[in-house]
Every structure is written in structure tokens, then in C-alpha cells.
Amino acid sequence: GAKAKGLAEYQFYDEVLHEKTMDMLRLETDLRKGVERGEFVLEYQPIVSLQTCEIAGFETLVRWQHPERGIISPEIFIPIAEKTGSIIKLGDWILYEGCCQMKQWLEKIPANRQLFININVSGKQFIQPDFIAKFKETLSQTGLPGSYLKIEMTESVLMKNVDQLNNILSQIKALGVRIALDDFGTGYSSLSYLHKFPIDVLKIDRSFVVQMGARNEKDLVSIIISIAKNMKMDVVAEGIETAAQFKRLHSYDCQYGQGFLFSKPLRTKEAENLIMGTDIKLSFCRELIDIIT
Ligand code: C2E
Ligand code: MG
Ligand code: MG
Ligand code: MG
């Protein structure tokens, strides 16, 4: 009867829930061990000038090489790391590794070549009392001048105490490091937050880029770009996948773009081949430029 079925279903869902909980606990433990064992690797996704199609910089994206499960996405483990506190040690490593890599690239590329590195920093890291001290130490240990580094933070960080955050950000900026607001438009912050903090770069979230041109009204993307310009901020459009999106963003005078159209995130060697010019993967991008000019 219905009652029996209901009970069976209940037991089934209960088991699924139990499995999920166990799975989560296992991942939490694995993560803690993984950080100690150094199971993480960084990938670098090119950030491209939409006017020249040259690589302007890279965003650092972390991957977890789990010994049994293979590569695990940061979308899954970063929230766990934030919840359990593992993000502190992991974040320290990411910052060190990213700065170290950039310093090595700087030594290889011509002196007149511009290049920057973006590193994602979690809100949990920012509010550590010794964050600034560790941050300074990382720059001096790796020898990377702050002017080559941009810190990406999400809007959720802005919800913290305004004075406290401004204090931290101004200390970061005193080192020549710039601040990028990631996934702009997806958080709960209002536009009024933008002028309360010394933000240098707005990264327009992929969800807005995907919607471009879908409605007749003026694109949100073009509105965000004009706001950024007015506030003297740079703009990066995230998640560009099609030539049509590229063309539209170019016509909006968007400075930078990032997305699978140009390149997926790359391992060190692949990224290096791109900046050293031995790889012509971005050549099709020049064809895009030819089309629009
Ligand atoms: P994010 O910082 O907004 O990074 C952009 C994400 O979009 C990356 O996903 C990237 O691989 C993906 N992406 C780039 N181009 C395209 C595209 O054309 N189409 C689509 N569909 N996706 C694209 P990923 O690497 O999986 O990272 C996801 C998120 O995890 C990041 O979003 C960031 O919030 C977080 N994350 C990644 N690495 C780190 C890190 O080192 N530290 C911290 N705190 N968070 C990180
Ligand atoms: Mg980011
Ligand atoms: Mg983003
Ligand atoms: Mg994102």
C-alpha cells in the first residue's frame, strides 16, 4: 500500500542523505590531509586585451589532485575549505605559488612586456589578523613586485565591516597590488559599495555575458562597463565562449576578456609557451580582430 511505499522511500532518501553526509565528512578529512601533502596544482587562464588580443595577464585557478578521485573542482572543495578552515593554509600556498610562478615568468619575458597575475583570495583569508604580515612576507620571499599582482575578491567580502576592510585593502594597495571585484553582479552588495572601497578592476560575471543580446533593452553588460569607466576602473568580462560575445564586448569597448574562446585554464608549461610566443593558439583571435576592424 501507499504507506509501505512511503516508508521505503523515506528509508531510501535517508540512506542517500547519510551517504552524502559521509561523503562530505570524508572530503573534509581528505582535504585537510591533502593540504598537508600538497595535492594541489595551479592553472593559469589568460586574460586577454579585447582591443589587441594580446595576453595581458593570467588568473590563477587551483585544482585538487585527489589520490583516488582524480581532479576535483574548486567549486566543490573551496567552500569546504572555507567551512573547515583549511582555506588558510591552502590560500597561503596558492598566494606563494602564484607569486613565485609570476616572478619566474618575469625573468623570462622581455622587460617591456606587460603581464600581471590575478590571485583569488577568500574572505576568510582577509580577516585573519596576520593576513597583511603574511602577505608582505610572501611578496618579499618570492621577490615579486606588488605591481604585477591583482587580488580577486568577491562581493561577499564587502559585507564585512567597512572600516576594517578598507584598512586591509589600503595596506595591500600600499604595496602596489591592485584589487579586482570578482563575479560582479552576482552578490548581494549594492552599487553604493563600489565607491566605499578602493577597487581597481570589475570582473563581470559569466552569467551576464551569457545573457548578452538576449533582450532588446540595453545590455546590463554595457551598463556595467560604463559605470566602471566612470569610476576609473578596468573591466574584465568573464566566460567569453563565442565570437559573437567577443564582437559585442569589443563594440562596448570592454578592455579585457577571459573565457574558453581564448583559452581554458592552462598548466604552467602551456601558459609559458603562450607568453613566450612559441604557441599560436591565440592566433585565431587576431582573425577575430580582423573581422571587427
Ligand atoms: P572564478 O574566480 O570566477 O573563476 C572563473 C571560473 O570560470 C573558473 O572556474 C574558470 O575555469 C571558469 N571559466 C573560465 N572561462 C570560462 C568559460 O568560457 N566558460 C565557462 N563555463 N567557464 C569558464 P574554476 O577554475 O572551476 O573555479 C571556480 C571558482 O572557484 C572560481 O571562480 C573561484 O571562485 C574559486 N577558485 C578557484 N581557484 C581559487 C583559488 O585559488 N582560491 C580561491 N579562494 N578560490 C578559487
Ligand atoms: Mg576569480
Ligand atoms: Mg569570476
Ligand atoms: Mg566564479
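The values are calculated or read from the model by the stated rules, or taken from the named source; none is laboratory data. Since this is a predicted model, take the numbers as computed values, not measurements. Heads up, the Cβs are rebuilt from the backbone with ideal geometry, glycines too, and the neighbour counts pull from every protein chain shown. Just so you know, the surface numbers come from the protein's heavy atoms only, side chains and all, with ligands and any DNA or RNA stripped out. Shrake-Rupley method; radii C 1.70, N 1.55, O 1.52, S 1.80 Å.
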**Residue-wise HN-Hα coupling along region 132-143, computed from phi with Karplus coefficients 6.51, -1.76, 1.60 (Hz; x: Gly, Pro)** = 5, 4, 5, 4, 4, 4, 4, 4, 6, 5, 7, x
**Area accessible to solvent at LEU115, 1.4 Å probe radius, in Å²** = 10
**Asked** DSSP beta bridges in the chain, what fraction antiparallel, as a percent rounded to 5?
**Response** 40
**Prompt:** Under 16 Å from the 7 Å Cα→Cβ point of ARG215, by amide nitrogen: which residues of region 167-204?
**Reply:** 185-186
**Request:** Give the accessible surface of region 61-115 per residue, rounded to a whole number of Å², with probe radius 1.4 Å and ligands, DNA and RNA excluded.
**Result:** 54
**Prompt:** How far, in degrees from 0 to 90, does helix 162-173 lean away from the longest principal axis of the Cα atoms of the chain, to the nearest 10?
**Reply:** 50
**Item:** Average accessible surface area per residue within region 189-231, 1.4 Å rolling probe, Å²
**Value:** 54
**Request:** Using a 1.4 Å probe and counting only protein heavy atoms, arrange ASP130, ASP234 so the residue with the most accessible area comes first.
**Result:** ASP130, ASP234
**Request:** Could you order SER263, SER73 by accessible surface area, starting with the largest, using a probe radius of 1.4 Å?
**Result:** SER73, SER263
**Prompt:** Fully extended, how many nm does the chain gain between SER222 and ILE127 (0.36 nm per residue separation, minus their Cα-Cα distance)?
**Reply:** 30.9 nm
**Prompt:** Full extension from LYS134 to PHE12: what is 0.36 nm times the residue separation minus their Cα-Cα distance, to one decimal in nm?
**Reply:** 39.1 nm
**Request:** Taking H placed 1.01 Å from N in the peptide plane, check which residues at least 5 places from LEU50 or on another chain put their amide H under 5 Å from its amide H.
**Result:** TYR256, GLY257
**Fill in**
Quick calc of log₁₀ I(q)/I(0), the chain, Debye, one scatterer on every Cα, no solvent, q values 0.16 1/Å, result -1.37
**Prompt:** How high is the relative contact order of region 175-290, given as a whole-number percent (alpha carbon pairs under 8 Å, six or more residues apart)?
**Reply:** 20
**Item:** Share of carbon and sulfur in the accessible heavy-atom surface of region 121-242 [1.4 Å probe, %]
**Value:** 51
**Prompt:** Stretch LYS247-LYS269 to full length: gain in nm at 0.36 nm per residue minus the Cα-Cα span?
**Reply:** 4.9 nm
**Item:** Lys pairs under 29 Å by Cα in region 28-142, provided they are eight or more residues apart or on distinct chains
**Value:** 20
**Request:** Quote the accessible area belonging to PHE197 in square angstrom, nearest 10, computed with a 1.4 Å probe and with ligands, DNA and RNA left uncounted.
**Result:** 10
**Message:** What are the ³J(HN,Hα) couplings of region 73-86, residue after residue, when phi is run through the Karplus curve with 6.51, -1.76, 1.60 and θ = phi - 60°? Round to Hz, x for glycine and proline.
**Reply:** 6, x, 4, 8, 8, 4, x, 5, 4, 5, 5, 8, x, 4
**Asked** With contacts defined as alpha carbon pairs under 8 Å and 6 or more residues apart, what's the relative contact order of region 90-225 in percent?
**Response** 20
**Item:** DSSP-defined beta bridges in region 1-150 - what % are antiparallel, rounded to 5
**Value:** 65
**Prompt:** Computed FRET efficiency, Cβ-Cβ of SER49 and MET24, R0 41 Å: what is it to the nearest 0.05?
**Reply:** 0.50
**Sum of -39500 (n - 2.57) over DSSP H runs of 4+, divided by residues of the chain (222 nm, nearest 500)** = -15500 deg cm²/dmol
**Request:** Take HIS18, HIS66, HIS250 and sort them by solvent-accessible surface of the protein heavy atoms, 1.4 Å probe, largest at the top.
**Result:** HIS18, HIS250, HIS66
**Prompt:** With the contact rule set at Cα under 8 Å and sequence spacing of 6 or more, what percent relative contact order holds for the chain?
**Reply:** 18
**Fill in**
Given a Förster distance of 22 Å, the FRET efficiency implied by the Cβ-Cβ spacing of ALA174 and LEU106, rounded to the nearest 0.05, works out to 0.55
**Request:** Please find, in a Gaussian network model of the chain (springs between Cα atoms separated by less than 10 Å), the residue of GLU238, GLU82, GLU36 whose mean-square fluctuation is greatest.
**Result:** GLU36
**Prompt:** Can you pull the accessible area of ASP92 for me, 1.4 Å probe, Å² to the nearest 10?
**Reply:** 50
**Asked** Hey, with R₀ at 35 Å, roughly what FRET efficiency would ASN161 and GLU287 work out to, going by the Cβ-Cβ distance, to 0.05?
**Response** 0.10
**Fill in**
In nm, the gap between the two label points placed 7 Å beyond Cα toward Cβ at ARG113 and HIS66 is 3.7
